[in-house]
Amino acid sequence: MRLRIAHSTSYRYEPPASGVIQILRMTPGSHDGQYVAEWQIDISTDSRLDVHEDAFGNVTHVLTHGAIADLTINVEGLIETHDTGGVLRGSDERFPPSLFLRSTPLTDVNMLMGNFARELRSEANDDVLGFLHALMTQINEHMTFDEDPTNSGTSAIEAFGLKRGVCQDYAHIFIACARHGGVPARFVSGHFLRSDGMVNQQAGHAWAEAFVPDLGWVGFDPANSICTTDAHARVAIGLDYLGAAPVRGTRYGGGTETLTVAVKVDQAGGRPGQSQSQSQ
């Protein structure tokens, strides 16, 4: 599948900020099942943009600018994807899977979540893949997709208690419970082609990858209750959202900060006939 993706992030500072530093993880990489045919990044101002790779191999751009009132970051490109049944191969793995057993404040569990994960793990016996599929399904049934009650700093514990959230929250809960069950798991940020024809979206997408013996890393999208397909375009990974956020940084001075995000994901050359649900 050929996915045409455009992602715009705009900031407005009133009064102007005296300086900004932003770390951008908005550039995807190629691996088996995903080939980046075209990609470009444009900044609305004459900012300094330094390219690096972070510890996990994500392509990062560090943006720095002095006094500024408005800033818009646009990325656009074409990605060719192939369905691999959710199995990730050909990626640059810099750490052993066990690193992704490490908990973070966004992926801690409480007693309720621990019992939830432990029961599913017990029912699956030694079937790690079966446990992960059951976990994905149960999280999808437990949660209601809702953009209002959570934000980028909402933890898995908070979202699980609310029983509501967005794709980021579903991913954090999955990761937290998988790790509690002894399975390495990590956060993935990217984009998702919806099957209902909704091209314009309010944000990018998020899901999780878990390490399965004899298979390797497998993508699980609990917000849609499916393993990843050729409708998913993978951009960055991290222990949680903070390590894979498309834009993360700080500003100096200034007053009110207004953030606007617009994402467009479409199939180049036509629409697919897919059956997955519509959560973003």
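Table: residues versus (1) more than 23 Å from Thr27 (Cβ to Cβ); (2) surrounded by 18 or more Cβ atoms within 10 Å (Cβ to Cβ); (3) not hydroxyl-bearing (Ser, Thr, Tyr).
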position	(1), (2), (3)
Ile173	yes, yes, yes
Leu193	no, yes, yes
Asn200	no, no, yes
Asp214	yes, no, yes
Arg234	no, yes, yes
Ala245	no, yes, yes
Thr250	no, no, no
Gly253	yes, no, yes
Query raised in the report: Can you tell me how many residues in the range 25-66 are touching a Leu at 6+ places or on another chain (Cβ under 8 Å), outside any strand (DSSP E or B) and more than 21 Å from Ala233 (Cα to Cα)?
Result: 3
Query - Filter result (surrounded by fewer than 19 Cβ atoms within 10 Å (Cβ to Cβ), part of a helix (DSSP H, G or I) and of a type outside the set (S, T, N, Q)) within the range 130-146 - result: Gly130, His133, Ala134, Glu141, His142
Query raised in the report: Which one is farthest from Arg118 (Cα to Cα), of the residues in the range 145-169 that are within 14 Å of the chain's Cα centre (by Cα) and in contact (Cβ under 8 Å) with a residue 60 or more places away in the chain?
Result: Ser152
Requested in this report: Please give the number of the condition Lys264 fails out of (1) surrounded by fewer than 18 Cβ atoms within 10 Å (Cβ to Cβ); (2) closer than 27 Å to Pro105 by Cα; (3) at pLDDT 95 or above.
Outcome: (2)
Query - Tally, over the range 147-192, of residues that are at pLDDT 95 or above, assigned to a loop (DSSP other than H, G, I, E, B) and either out of contact with any helix residue (DSSP H, G or I) (no Cβ under 7 Å at 6 or more places or on another chain) or among the basic types (Lys, Arg) (or both) - result: 3
Query raised in the report: Which numbered condition trips up Gly86, out of (1) over 17 Å from the mean Cα position of the chain (by Cα); (2) at pLDDT 95 or above; (3) surrounded by 15 or more Cβ atoms within 10 Å (Cβ to Cβ)?
Result: (1)
Query raised in the report: What's the number of the condition Ala67 fails, among (1) under 22 Å from Arg89 (Cα atoms); (2) touching a residue at least 24 places away in the same chain (Cβ under 8 Å); (3) surrounded by fewer than 19 Cβ atoms within 10 Å (Cβ to Cβ)?
Result: (1)
Report summary line: Subset of the range 203-218, residues farther than 21 Å from Ile173 by Cβ and either in contact (Cβ under 8 Å) with a residue 40 or more places away in the chain or touching a helix residue (DSSP H, G or I) at 6+ places or on another chain (Cβ under 6 Å) (or both), comes to Pro213, Leu215, Gly216
Requested in this report: Please work out if Ala208 is buried (at least 23 other Cβ atoms within 10 Å of the Cβ), modelled with pLDDT of 95 or more and not in a loop (DSSP other than H, G, I, E, B).
Outcome: yes
Query raised in the report: In the range 1-22, which residues are surrounded by fewer than 20 Cβ atoms within 10 Å (Cβ to Cβ) and either in a strand (DSSP E or B) or not polar (S, T, N, Q) (or both)?
Result: Met1, Arg2, Arg4, Ala6, Ser8, Ser10, Arg12, Glu14, Pro15, Pro16, Gly19, Ile21
Query - Test: Pro28 is under 21 Å from Val183 (Cα atoms) and at pLDDT 95 or above - result: no
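The values are calculated or read from the model by the stated rules, or taken from the named source; none is laboratory data. The structure displayed is predicted, hence computed values, not measured ones. In this analysis, Cβ positions are derived from the backbone assuming ideal geometry, glycine residues included, and neighbour counts consider all displayed protein chains.
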